[in-house]
């Protein structure tokens, strides 16, 4: 995907309640508004702290205010804070050009621990993510976040990877400015470190 | 923290629709703001509370929506601008007052915001609150964008003052709870004018006939005002083949559908921002553009019905039309709208093919969806006191063995209608209704009814609507057990304080109202327990079930873990001793993972044993008490 040519971008950040999905979408959205873009975010919520699937539709346009929901099959980029949730989103909103970035740490639904449902093996998930995208990047974001002190930093690691891949017209520097507007010094420094960690996790594919 | 009082006119921000509404109120010089929390409306008053001090506002989390509207009306009667916000169900509670307030009239602009929840993402119904505008003869505005949410709110205050009526503003989940660009306008200086109730004017609904007919005259005048409103807008060719008539979210969805189908030359879109009273002249003019009309709106065919009524009135002028929408089933009768639904309807009407993605991909996607996606049921958070409460209630009802059951209200604890709470909750789902229903069940012994009934109630709900039901049960000697799950917050909507908490919307310390004392004053026998004391709690429930006479209240008190987790470090490190866990061979039927179902406990299929997920576990330690083998170990943290 050539990030400089498109007029609009459809990004989905998905995961499970409590992973920082809503905050990271908001920060990405704010950064784009600061750059003069129209941004619309539609988010699922309510279930956000109760173990349910959470999904934010982030729609970025240089031309007009878009609707709060991405039409089916029209996601350009999917960032999955939880692997199976990434797959879930792709089945509805993915297309053969979609780029997927997925955290590898599962959060098991209680339906799975109770033995009523099956959680696929990570290897199978990765294969399916690849089948449903043009390219998939997998990142052990939760493990890295825990090494940094808290699993909640996983969201910033994933955003770091997203920015490094240059899939959207937003630089890491521009995003950092938005972070600085939102966090106090202590939170800012740890989030910036997480962002850097995420950038190191991926290597952009050669263009063309 | 809130950004809504930023004094930088012209600055463009990413705001939630609810923040935009709150900002619009500030720009209009609102003084008094009231609500009872309810998704998707809560953020309006939450944001106004955050800036109350700097903007000189009075902001209140009222005990329920009716009182919220009454407090706001008192402000209006005293010459101040006021806003009152609620979710769709809340308007049912406030409707009793609203349908007289329309006749009392207003002085200071009074804006009533209802946030509807199409698809019931966070509601027990999918109600269209717009009918209240028509029922009470009040003006209704529906913003289609985030900027409009702010502008319309500001306008709604002057409209209210000009008409002397409450002005309704309807948001929906995807406007109120979504985010978009908003350009700020100027904030008025904080005004310290003395508030005063105008005694010279009769604030009465009598004479009802005269007041009612005045309302209708006012609506007729408003039609003219609305016909010239910039919030009603037509986009498209002069003579389209199909005219879409839409409001709210439908405006953006319709535009996108038309673009994706490449139908810009043959489909026009009329957005109506002022949906009651319908501006007849404007609607009729636009109906003349096309013979086929498609309605796009959320929940009920409100706009559809009202436009068709006008079309009948003006049939000689506009000629025959073919209407498409919910009535014709081109649009599904329920559920929220989206671009795909508009595409499907237009595709059918104009016979235009559309494919969102290639068929090979579609096939792969459907296969993955069918084979690889485990369901993710909603459940209680790790460490939630409700799970422990329901565990004890379930065990007590089983031991009691008389087919007892539970009724419920609204709140996190209502998740127990599903597996999270062992399917204990059988009926209810309205504020205070658990206790009201129980009050009935508990009186039917003379008809042979012998099942014990347990009414579940949250602490905030207790004050909202359960108190009258409790008084009813107690006074009429109904035999019920009422369990108040007191987690010290209105947790479901984001921890707003209530009268039991001892703090108000402005963050001031207040004298809490003691739920226990209220119940005793109503004549109930009351017990208090910590739900994490599983044995003690079960015993208290069992004792209450066995006591045949009158109302027994058990208050299960423990702070919501989402709040507690912010204040304190986890008390325990929890782990599973793999030597002690016997897995499937234990005979416990995997009590921890299959029955108790805390998401912090996971099943390690390879080892055939339970495990603690250290990312999820909050270290509350309550699960240590449920394992028959004592395999779940809680170690106190230093």
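Descriptive notes on the structure:
- Checking residue B:627 against (1) within 12 Å of chain A (Cβ to nearest Cβ); (2) farther than 16 Å from residue B:381 by Cβ, the condition it does not meet: (1)
- Hits in the stretch B:1-37 (condition: more than 17 Å from residue A:22 (Cβ to Cβ), within 11 Å of chain A (Cβ to nearest Cβ) and part of a loop (DSSP other than H, G, I, E, B)): B:11
- Flag for residue B:492 being at pLDDT below 95 and either in a loop (DSSP other than H, G, I, E, B) or closer than 20 Å to residue B:421 by Cα (or both): yes
- Spans of helices (runs of 4 or more DSSP H) in the stretch A:95-208 with at least 1 residues more than 14 Å from the chain's Cα centre (by Cα): A:110-113, A:122-131, A:141-147, A:172-182, A:185-200
- Residue match in the stretch A:81-89 (condition: within 10 Å of another protein chain (Cβ to nearest Cβ), within 14 Å of the chain's Cα centre (by Cα), within 21 Å of residue B:599 (Cα to Cα) and part of a loop (DSSP other than H, G, I, E, B)): yes
- Residue B:480 vs. criteria touching a strand residue (DSSP E or B) at 6+ places or on another chain (Cβ under 9 Å) and either at positive phi or touching a residue at least 12 places away in the same chain (Cβ under 8 Å) (or both): yes
- Residue B:225 vs. criteria within 20 Å of residue B:327 (Cα to Cα) and touching a strand residue (DSSP E or B) at 6+ places or on another chain (Cβ under 9 Å): no
- For residue A:41, the stated conditions hold: it is in a strand (DSSP E or B), closer than 23 Å to residue B:254 by Cβ and touching a strand residue (DSSP E or B) at 6+ places or on another chain (Cβ under 6 Å).
- Residue B:213 falls short on exactly one of the conditions (1) part of a helix (DSSP H, G or I); (2) surrounded by fewer than 19 Cβ atoms within 10 Å (Cβ to Cβ); (3) under 33 Å from the mean Cα position of the chain (by Cα), and that condition is (3).
- In the set (1) touching a strand residue (DSSP E or B) at 6+ places or on another chain (Cβ under 6 Å); (2) farther than 28 Å from residue B:501 by Cα, the condition left unmet by residue B:615 is number (1).
- Among the residues making up the stretch B:93-106, those that are more than 24 Å from the chain's Cα centre (by Cα) and either outside any helix (DSSP H, G or I) or surrounded by 24 or more Cβ atoms within 10 Å (Cβ to Cβ) (or both) are B:105, B:106.
- Among the candidates B:408, B:413, residue that is away from chain A (no Cβ under 14 Å) and closer than 30 Å to residue A:19 by Cα: B:408
- Subset tally (residues that are surrounded by fewer than 24 Cβ atoms within 10 Å (Cβ to Cβ) and either more than 17 Å from residue A:16 (Cβ to Cβ) or in contact (Cβ under 8 Å) with a residue 60 or more places away in the chain (or both)) for the stretch A:93-120: 7
- Look at (1) more than 8 Å from chain B (Cβ to nearest Cβ); (2) touching a strand residue (DSSP E or B) at 6+ places or on another chain (Cβ under 9 Å); (3) under 29 Å from residue B:254 (Cβ atoms) and you find that residue A:130 fails only one, number (3).
Let's see how each residue does on (1) at pLDDT below 95; (2) assigned to a helix (DSSP H, G or I); (3) surrounded by fewer than 18 Cβ atoms within 10 Å (Cβ to Cβ):
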{"residue": "B:439", "(1), (2), (3)": "no, yes, no"}
{"residue": "B:449", "(1), (2), (3)": "no, no, yes"}
{"residue": "B:456", "(1), (2), (3)": "no, no, no"}
{"residue": "B:467", "(1), (2), (3)": "no, yes, no"}
{"residue": "B:500", "(1), (2), (3)": "yes, no, no"}
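- The stretch B:595-610 - residue that is out of contact with any strand residue (DSSP E or B) (no Cβ under 8 Å at 6 or more places or on another chain) and within 23 Å of residue B:424 (Cα to Cα) and, of those, surrounded by the most Cβ atoms within 10 Å (Cβ to Cβ): B:598
Per-residue answers, yes or no, for (1) in a loop (DSSP other than H, G, I, E, B); (2) assigned by TED's automatic domain parsing to the domain that holds residue B:221; (3) touching a residue at least 40 places away in the same chain (Cβ under 8 Å):
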residue	(1), (2), (3)
B:67	no, yes, no
B:72	no, yes, yes
B:79	yes, yes, yes
B:84	no, yes, yes
B:91	no, yes, yes
B:108	yes, yes, yes
B:122	yes, yes, yes
B:128	yes, yes, yes
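- Among the residues of the stretch B:583-594, just one is in a loop (DSSP other than H, G, I, E, B) and in contact with a strand residue (DSSP E or B) (Cβ under 8 Å, 6 or more places away or on another chain), namely B:590.
- Filter pass, residue B:323 being within 28 Å of residue B:118 (Cα to Cα), more than 14 Å from chain A (Cβ to nearest Cβ), touching a helix residue (DSSP H, G or I) at 6+ places or on another chain (Cβ under 8 Å) and at pLDDT 95 or above: yes
- Residue within the stretch B:425-433 that is assigned to a helix (DSSP H, G or I), within 25 Å of the chain's Cα centre (by Cα) and within 14 Å of residue B:124 (Cα to Cα) present: yes
- For the stretch A:22-34, the criterion of being in contact with a helix residue (DSSP H, G or I) (Cβ under 7 Å, 6 or more places away or on another chain), part of a loop (DSSP other than H, G, I, E, B) and surrounded by 21 or more Cβ atoms within 10 Å (Cβ to Cβ) is satisfied by no residue at all.
- Among the residues of the stretch A:91-104, those that are closer than 18 Å to residue B:372 by Cβ and more than 7 Å from every other protein chain (Cβ to nearest Cβ) comprise A:92, A:93, A:98, A:100, A:102, A:103, A:104.
- Among (1) farther than 30 Å from residue B:387 by Cα; (2) surrounded by fewer than 21 Cβ atoms within 10 Å (Cβ to Cβ); (3) within 7 Å of chain B (Cβ to nearest Cβ), the one test that residue A:123 misses: (3)
The values are calculated or read from the model by the stated rules, or taken from the named source; none is laboratory data. Small disclaimer: the values here were computed from a predicted structure and weren't measured. Every residue, glycine as well, gets a Cβ built from its backbone with ideal geometry; the counts of neighbours run over all protein chains shown.
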